[in-house]
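Please read the structure below before turning to the comments.
The values are calculated or read from the model by the stated rules, or taken from the named source; none is laboratory data. Remember, it's a predicted structure, so these values are computed and weren't measured experimentally. Positions of Cβ are backbone-derived with ideal geometry, glycine not excepted, and every protein chain shown enters the neighbour counts. The protein model used for the area step is the full one, side chains on, heavy atoms only, and it has no ligands, DNA or RNA in it. Shrake-Rupley method; radii C 1.70, N 1.55, O 1.52, S 1.80 Å.
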Amino acid sequence: MEIPASHPRKASLDLRHRLTEGFAKGFVASAGLIAHGRGEAFDYLLGERTCVHADKAQETASALLLLAENPVLSVNGNVCALCPGEVVSLAKVVSAKVEINLFYRSVERIKLIRDVLLGYGADEVYGVGVGEKTIPGLDSERGRADVAQVEADVVLVMLEDGDRAEALKSMGKKVVAVDLNPLSRTAQMADISIVDNVVRALPNMIEYAKKLKNKPDDELKSLVDGFDNRLNLAEMEKLIRVGSDTV
Ligand code: PTJ
């Protein structure tokens, strides 16, 4: 159904439709619809905009991805529905691999997500095999990983509140999270937590990565070293509780 351009909640409803269409096509998990609702609630409280602290986290995350030897962008059903083209673009700018990692893993969903990503121009999509590698300490299906994720030094984890960030960190990796809930386990465990809607975060990260790409490593390192994730998360939580950028 086409939402009229005059509808005051058009942008939000259009995003919902991307999820319900992805569900109808079979690549969004039914629980993914619930996860999206949780995100919507946080986004509403944050004013549905990129806050200054989220913008800083996006700039820093872009620098970290550019510095990485072996960055991986991890994609689940919701990310595939909301921003497949942006995942592919960001992967190209920062020379990252794109890997599918699903909680509700099925061969059918993996194939559908792979086809969407290839349709948006991905050179190669990882995580489509049987998952011969495992992430130690992770008993869910998310623990089945491709060699890409196992060898990665920096992993971008989007839209999941779970146990993978902790397991990846135990393997010595740096984790960047995109999660509208600053209190989520993933946001709390990550090295850089971007508290913003993924549909705004990824385009902004692509722009930052393009700007930072030709800067010397020292400059990128000082951006990363100067970032305090605890403080950033605390500011984002304050923003939700108090409702102002200036508190
Ligand atoms: O596709 P699968 O099989 O891997 O399944 C995906 C699930 C549903 C398991 C995954 O999305 C999930 O783990 O959902 P959770 O546990 O509800 O965590 C989702 C987190 O992402 C919540 O903290 C939400 O607030 C947040 N979130 C939801 N939508 C967005 C978002 N964060 C940023 N942008 C969004 N659009």
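Tabulated results
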item: Rounded Å value of the spacing that divides the Cα centres of the range 184-221 and the range 75-153; result: 19 Å
item: In the range 90-159, chymotrypsin sites (Phe, Trp or Tyr not before Pro) in a DSSP loop with at most 13 other beta-carbon atoms within 10 Å; result: none
item: Accessible surface, the range 158-211, averaged per residue in Å² (probe 1.4 Å); result: 32 Å²
item: 16 Å cut-off, amide nitrogen to a point 7 angstrom out along residue 214 Cα→Cβ, residues in the range 54-78; result: none
item: Positive dipole terminus of the chain, leading residue within 168, 100, 216 (C-beta point charges); result: 100
item: Span-like helix ranges in the chain, DSSP H, alpha carbon extent 15 angstrom or more, Kyte mean at least 1.0; result: 84-94
item: Length released on extending from residue 34 to residue 95, taking residue separation times 0.36 nm less the Cα-Cα span; result: 18.7 nm
item: Net charge, residue 91 excluded, C-beta distance under 11 Å - Lys, Arg +1, Asp, Glu -1; result: -2
item: Rounded to whole Å, sorted largest first: equivalent-ellipsoid semi-axes of the chain, Cα gyration tensor; result: 24, 24, 17
item: Electrostatic dipole magnitude of the range 101-247 [Cβ: Lys, Arg +1; Asp, Glu -1; Cα centre; debye, to 20]; result: 160 debye
item: Dipole magnitude of the chain about its Cα centre (Cβ charges: Lys, Arg +1; Asp, Glu -1), debye to nearest 20; result: 360 debye
item: Carbon/sulfur fraction of accessible area - the chain, other protein chains in place, 1.4 Å, %; result: 52 percent
item: Nearby aspartates and glutamates by direct alpha-carbon distance to residue 97 (threshold 14 angstrom, same-chain neighbours under 8 apart not counted); result: 69, 86, 123, 124, 146, 151, 153
item: Sequence-distant residues sharing a close amide H with residue 193 (under 5 Å, placed H); result: 177
item: The range 126-169, relative contact order in percent, only Cα pairs under 8 angstrom and at least six apart counted; result: 37 percent
